[in-house]
1. I want to confirm something. Restricting to the range 51-64 and keeping residues that are open to solvent by 80 Å² or more (accessible area, probe 1.4 Å) and not aliphatic (A, V, I, L, M), which single residue is nearest to Arg94 (Cα to Cα)?
2. Could you run through the range 198-216 and say how many residues are of a type in the set (Lys, Arg) and either touching a helix residue (DSSP H, G or I) at 6+ places or on another chain (Cβ under 7 Å) or open to solvent by less than 70 Å² (accessible area, probe 1.4 Å) (or both)?
3. Check whether at least one residue in the range 322-334 is touching a residue at least 60 places away in the same chain (Cβ under 8 Å) and either in contact with a Pro (Cβ under 8 Å, 6 or more places away or on another chain) or at positive phi (or both), and report yes or no.
4. Report whether or not Ala241 is at pLDDT below 95 and within 24 Å of Pro330 (Cβ to Cβ).
5. Using the structure shown, decide if Leu251 is over 30 Å from Asn79 (Cα atoms), over 17 Å from the mean Cα position of the chain (by Cα) and not in a strand (DSSP E or B).
6. Does the range 131-139 include one or more residues that are within 29 Å of Leu340 (Cα to Cα) and surrounded by fewer than 16 Cβ atoms within 10 Å (Cβ to Cβ)?
7. Among the residues of the range 144-176 satisfying the criterion of being in a strand (DSSP E or B) and closer than 29 Å to Gly351 by Cβ, which is farthest from the chain's Cα centre (by Cα)?
8. Among Arg300, Arg309, Arg364, which is the only one that is among the basic types (Lys, Arg), over 23 Å from Ile245 (Cα atoms), within 20 Å of the chain's Cα centre (by Cα) and open to solvent by 70 Å² or more (accessible area, probe 1.4 Å)?
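The values are calculated or read from the model by the stated rules, or taken from the named source; none is laboratory data. If you're wondering where the values come from, they're calculated on a predicted model, not measured in any experiment. For neighbour counting, all protein chains shown are included, and Cβ atoms are generated from backbone atoms with ideal geometry for every residue, glycine included. These area figures cover heavy atoms from the full protein model, side chains too; ligands, DNA and RNA do not enter into them. Shrake-Rupley method; radii C 1.70, N 1.55, O 1.52, S 1.80 Å.
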Amino acid sequence: MIRIVLSAFVVLAWLSVYPSDQVSAQNQTITVVSFGGSYARACDRSYHERFEAETGIKINLEDYTGGLAQIRAQVEMGNVFWDVVDLNMPELVRGCDEGLLVPVSIDDLPKGADGASATDDFVEGTITECGATKLFFSRMIAYNDERIGDVKPTTIADFFDLEKFPGRRGMKRSPVANLEFALMADGVPREDVYTTLDTEDGVRRAFRKLDTIKEQIVWWETAAHPPQMLADGEVTMTTAANGRIFNAQELEGQPFVILWNSQILYTSGYGIVEGTRNLDAARRFLEFASQAESMASLARHIAYSPTRRSAMPLISTHSETGVDMRPHMPTSPENVARALHDDWEWWSDNGEEMNERFSTWLAR
């Protein structure tokens, strides 16, 4: 009886020091799945470490190459071992529609840095039924200035001009962005790209343009590959994520050049996997990552723009080099004026068909 009383006293004393929500978080781990490389390191430094320190919940970070296939398999088999997944907007919307992701009300997300409601603070078009996206990034063309020669490429059309700029081209093994790049290189104005793709003739036109460089394409799978290909001289030009090229420029001193007039602007965010055994912890992480301060902190480590209006004024300098980050944001006034905005609704509706057609085209 004395031992029981003493044990109860010890537990009560411990609980008086640690609030119940902290006690429940002790030794808890969630698995967050994202795109790896310099982007994952930026997320770690900007808000993963702070989340762990403030909540006691540990993050197990895993890499993947995107898409819904692995999430779908886990949910359908009832064996969910991922908790939170970084998804581009079309997959976030489609995953929500398919019941693969947990619904998250915008009202549950934190207010903006200026006190504005989440509904008012998030940029239009970044909110879904399963949460809001957290960043803008762009896919664009980049080249190595020391390997290109005296004449420099200036447009997306130059990427497809093998006579003027000989050499291999890097492209992601996916129809996403490549179909848009092809149409713009073929003379379709930015504002007409998706109406053109919405026709059978437009899709065929895009593939015909890709045919003109198909034999010279080096296909990449992960976002870390394009900077390495440029540095090694494996390709003359490549499509790439702007943040990966920025980090190679600033942290590695690579003489890479971005063609901002070729950029396609995308947005991505976290989704909570339906069936997770760590739902409360996953929600806490999503809310933490959705804070304006977390988004602005990420922009100090990699050149990706926040999706919250109140986060934009918080962007300052790069955490290591001190360079002003604002001109390097894909949504800076000068850069965004030359951007094609990704039509995620079109890709959400047509993505599976385009993937099948792209696979068939690759196999020919």
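1. As a first pass, look at the range 51-64 and keep what is open to solvent by 80 Å² or more (accessible area, probe 1.4 Å): 53-54, 58, 63.
Among the residues that remain, those that are also not aliphatic (A, V, I, L, M) are: 54, 58, 63.
Values: Glu54: 32, Lys58: 29, Asp63: 21 Å.
The selected residue is Asp63.
2. To start, the set of residues in the range 198-216 that are of a type in the set (Lys, Arg) comprises 204-205, 208-209, 214.
Narrowing further to those that are either touching a helix residue (DSSP H, G or I) at 6+ places or on another chain (Cβ under 7 Å) or open to solvent by less than 70 Å² (accessible area, probe 1.4 Å) (or both): 205, 209, 214.
Residues in the range 198-216 being of a type in the set (Lys, Arg) and either touching a helix residue (DSSP H, G or I) at 6+ places or on another chain (Cβ under 7 Å) or open to solvent by less than 70 Å² (accessible area, probe 1.4 Å) (or both): 3 in total.
3. Checked the range 322-334: at least one residue is touching a residue at least 60 places away in the same chain (Cβ under 8 Å) and either in contact with a Pro (Cβ under 8 Å, 6 or more places away or on another chain) or at positive phi (or both).
4. On the way: at pLDDT below 95: no; within 24 Å of Pro330 (Cβ to Cβ): yes.
Answer is no for this residue.
5. Details: over 30 Å from Asn79 (Cα atoms): yes; over 17 Å from the mean Cα position of the chain (by Cα): yes; not in a strand (DSSP E or B): yes.
For Leu251, the condition - over 30 Å from Asn79 (Cα atoms), over 17 Å from the mean Cα position of the chain (by Cα) and not in a strand (DSSP E or B) - is met.
6. Within the range 131-139, not a single residue is within 29 Å of Leu340 (Cα to Cα) and surrounded by fewer than 16 Cβ atoms within 10 Å (Cβ to Cβ).
7. Restricting attention to the range 144-176, the residues satisfying the condition of being in a strand (DSSP E or B) are 144, 169-172.
Add one more test, that the residue is closer than 29 Å to Gly351 by Cβ, and what stays is 169-172.
Working: Arg169: 22, Gly170: 19, Met171: 17, Lys172: 14 Å.
Step by step, filter the range 144-176, then rank; the result is Arg169.
8. On the way: Arg300 fails: over 23 Å from Ile245 (Cα atoms); Arg364 fails: within 20 Å of the chain's Cα centre (by Cα).
After ruling out the rest, the residue left standing is Arg309.
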